[in-house]
Amino acid sequence: RGSGDQQQIARMELENQRARLKQYEAEMTQAVVRAPVSGIVMKPVAPGAEKNTRQMAVGEPFTQGEILLALGDLSGMLVTSKVDEVEVTKLKTGQPVVVTGDAFPGIQLAGQLRGVSAQPAESETRALPTFLVQVTVNSLSESERQRVWVGMSAQLDVQTYHQPQALIVPSGAVVTGNGQSWVWKQNTANVSTTPVPVVTGHTLIDGVEVLQGLQAGD
């Protein structure tokens, strides 16, 4: 019995309610979060914004754009560390790395240097600047995954130079001056010594590599 105007108003109200119903139904479908990939549920990491991440709890609302969780692919791992300015120049992408740790004794993970930062780490308080490095471990066995967990500390051994036949002398044995290096070589016939010019190579923690001027056994 309604008039034409009243019927039009009723139709408009009905359409509005139907639109709201579709909106609510769409929001309800978002109540189920489906992972696009397989992985382990982990707390999300937002660099520099940890205060914006919240622990999930039943019934707690989240707004659009908030991070709920992270999915970790633990088939491999990324190890980060810091290297001081003295050692960082010896590092290059692709160098082999052996990863060990006190928390997983007896396990040696084969890694590879992924990248080296071109500038010092932020919020650095040490006297010497340090640079961030990243090492990738492409795969872990099932038994390794049971013992190596995310967040554990690790030790990185990087092979920066490989020369099995290198001649090494103690650092104190090399004398330098006027752009020349030499060592005192003992004569085989008597106990006298003579200065011998040498060409040095890599400097190690416990010695110096000699490229020319000496023979093994001198």
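The values are calculated or read from the model by the stated rules, or taken from the named source; none is laboratory data. Quick caveat: nothing in here was measured; it's all calculated off a predicted structure. We place every Cβ from the backbone using ideal geometry, glycine too, and count neighbours over all the protein chains shown. Protein only, heavy atoms only, side chains kept; ligands, DNA and RNA dropped before computing areas. Shrake-Rupley method; radii C 1.70, N 1.55, O 1.52, S 1.80 Å.
Data table
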read-out	value
Residue within region 8-26 that is open to solvent by 70 Å² or more (accessible area, probe 1.4 Å), touching a Phe, Trp or Tyr at 6+ places or on another chain (Cβ under 9 Å) and not in a loop (DSSP other than H, G, I, E, B) present	no
Scan of region 187-214 for residues that are farther than 21 Å from residue 90 by Cβ and touching a residue at least 12 places away in the same chain (Cβ under 8 Å), ordered by number	195, 196, 197, 198, 212, 213, 214
Count - residues of region 194-218 that are modelled with pLDDT under 90 and over 13 Å from residue 167 (Cα atoms)	1
Test: residue 156 is in contact (Cβ under 8 Å) with a residue 40 or more places away in the chain and out of contact with any helix residue (DSSP H, G or I) (no Cβ under 7 Å at 6 or more places or on another chain)	yes
Residues of region 99-125 classified as over 21 Å from residue 159 (Cβ atoms) and either open to solvent by 70 Å² or more (accessible area, probe 1.4 Å) or part of a strand (DSSP E or B) (or both), total	7
Residues of region 55-76 classified as modelled with pLDDT under 85 and closer than 20 Å to residue 150 by Cβ, total	5
Among the residues listed as 165, 159, 180, the single one being more than 30 Å from residue 116 (Cβ to Cβ) and not acidic (Asp, Glu)	180
Extreme residue, nearest to residue 111 (Cα to Cα), among residues of region 126-143 that are part of a loop (DSSP other than H, G, I, E, B) and modelled with pLDDT of 90 or more	138
Qualifying residue in region 11-27 (condition: under 30 Å from residue 151 (Cα atoms) and either at pLDDT below 80 or not hydroxyl-bearing (Ser, Thr, Tyr) (or both))	no
Residues within region 141-170 that are under 12 Å from residue 99 (Cα atoms) and aliphatic (A, V, I, L, M), tallied	5
